[in-house]
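Data block below; observations after.
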Amino acid sequence: MSDFSGMTSLNPGYRALVLGASGGIGGAFAAAIKADPACGGVTELSRSRDGFDITDDASVGAAAAPFSEGGQKFDLILCATGALVINGNGPEKTIKAIQGDVMAAQFALNAIGPALALKHFAPLLSNEGKSVFATLSARVGSIGDNKLGGWISYRSAKSALNQITRTSAIEIARLRPKSVVVALHPGSVDTGFSGGFSKTHDKIQPADSVAMMLSVLDGLEPVQTGGFFAYDGQPIEW
């Protein structure tokens, strides 16, 4: 485990926003940031608590509107939404198992949702010093690292998310040259997220994964914006 000692690269009194804060990783993010003495406040949004539906453009826009209208800025925005199993449908083991509606649901939650979050919340990033917007991706979204096949819908949705993050980072940097917009692989985290599909993998506790990811984000420089990084700081090939 990497101990999280605080976001020293952000301005003192930095403000953070966690999207998907009721989930295992989102909740751990919120808890870790609240414990950081340098943090000036954490705002949490989730579907279960606030009706925040990341798959719905109007819902995401409505959630962002009060901050925009109030002139609120954030130094750190974490999009910790996503799912491997949706409506009881887990990842496919073969091409023959592909179902259009199941694939569409994967893209809606794991790719289009974070894209909507970037659309509505990236304008709230502070331009005073370094700012960070991180989305939760997955190593299986790497095309170059794919040696096993399978999981076509989930893999493809995360690959799409990586492209969305990369492209958004380029645009965001034009107005916010000190921004860091990246995709993160949290590892196989013990949250129940996988629905039993990753039983053979060693699990990381949410607090440990989050501590390492926050340390990675703290160490990234604006020149690294648009990248794809694992929880241990290693870059992942596209």
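The values are calculated or read from the model by the stated rules, or taken from the named source; none is laboratory data. Just so it is clear, the structure is predicted and the values come from calculations on it, not from any experiment. Because the Cβ atoms are built from the backbone with ideal geometry, glycine has one as well, and the counts that use them run over all protein chains shown. SASA here: full protein model, heavy atoms, side chains in, ligands and nucleic acids out. Shrake-Rupley method; radii C 1.70, N 1.55, O 1.52, S 1.80 Å.
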Requested in this report: For the stretch 93-167, just say rounded, prolate or oblate: build the C-alpha gyration tensor, square-root its eigenvalues into a ≥ b ≥ c, call rounded for a/c under 1.5, and beyond that prolate if a/b exceeds b/c, oblate if not.
Outcome: oblate
Query raised in the report: Which whole-Hz couplings ³J(HN,Hα) result when phi for each residue of the stretch 97-114 is put into the Karplus expression 6.51 cos²θ - 1.76 cosθ + 1.60, θ = phi - 60°, listed in order with x for Gly and Pro?
Result: 8, 4, 10, x, 5, 5, 5, 4, 5, 4, 5, 4, 7, 8, 10, 5, x, x
Report summary line: Quick note, the stretch 1-85: a/c under 1.5 would make it rounded; otherwise a/b > b/c is prolate and the rest oblate (a ≥ b ≥ c, C-alpha gyration tensor); here it is oblate
**Report entry** Degrees, to the nearest 10: 152-175 long Cα axis against longest axis of the chain
**Finding:** 20 degrees
Requested in this report: Starting from the Cα of LYS178, draw a straight line to each of the lysines and keep only those under 23 Å, dropping any in the same chain fewer than 8 residues away.
Outcome: LYS73, LYS119, LYS130
Query raised in the report: Tally Lys/Arg at +1 and Asp/Glu at -1 over every other residue whose Cβ is under 12 Å from the Cβ of SER153; what's the total?
Result: +1
Requested in this report: Among the lysines, select those whose C-alpha is under 25 Å from the C-alpha of LYS203, and discard any that sit fewer than 8 residues away in the same chain.
Outcome: LYS34, LYS93, LYS147, LYS158
Query raised in the report: Angle between the Cα long axis of helix 24-34 and the longest principal axis of the chain, 0 to 90 degrees, nearest 10?
Result: 10 degrees
Requested in this report: Could you please tell me the mean projected area of the C-alpha convex hull for the chain, averaged over all directions and given in square nanometres to one decimal?
Outcome: 12.0 nm²
Query raised in the report: Going by the alpha-carbon gyration tensor, a ≥ b ≥ c the square roots of its eigenvalues, is the stretch 48-124 rounded (a/c under 1.5) or, if a/c is not under 1.5, prolate (a/b greater than b/c) versus oblate?
Result: prolate
Requested in this report: Provide the FRET efficiency to the nearest 0.05 for the ASN11-ILE143 pair, computing r from the beta carbons and using R0 = 30 Å.
Outcome: 0.25
Query raised in the report: Amide H to amide H under 5 Å from LEU125: which residues, 5+ apart in sequence or cross-chain, H placed 1.01 Å off N in plane?
Result: PHE74
Report task. Return a whole-number percent for the relative contact order of the stretch 27-182, with Cα pairs under 8 Å and 6 or more residues apart as the contact set. Result -> 25 percent
**Report entry** Built amide H within the under 5 Å cut-off of SER131, gap 5+
**Finding:** SER179, VAL180
**Report entry** Angle in degrees between helix 206-219 and the longest Cα principal axis of the chain, rounded to the nearest 10
**Finding:** 50 degrees
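Would you mind putting 31-37, 213-219 in packing order, based on average other-beta-carbon counts within 10 Å, highest first? Write out the running numbers ahead of the final one.
Numbers: 31-37: 15.9, 213-219: 21.0.
For the peptides 31-37, 213-219, the packing ranking is 213-219, 31-37.
Can you give the accessible area per residue of the chain, in Å², using a 1.4 Å probe?
Here the residues of the chain average 45 Å² of exposed surface.
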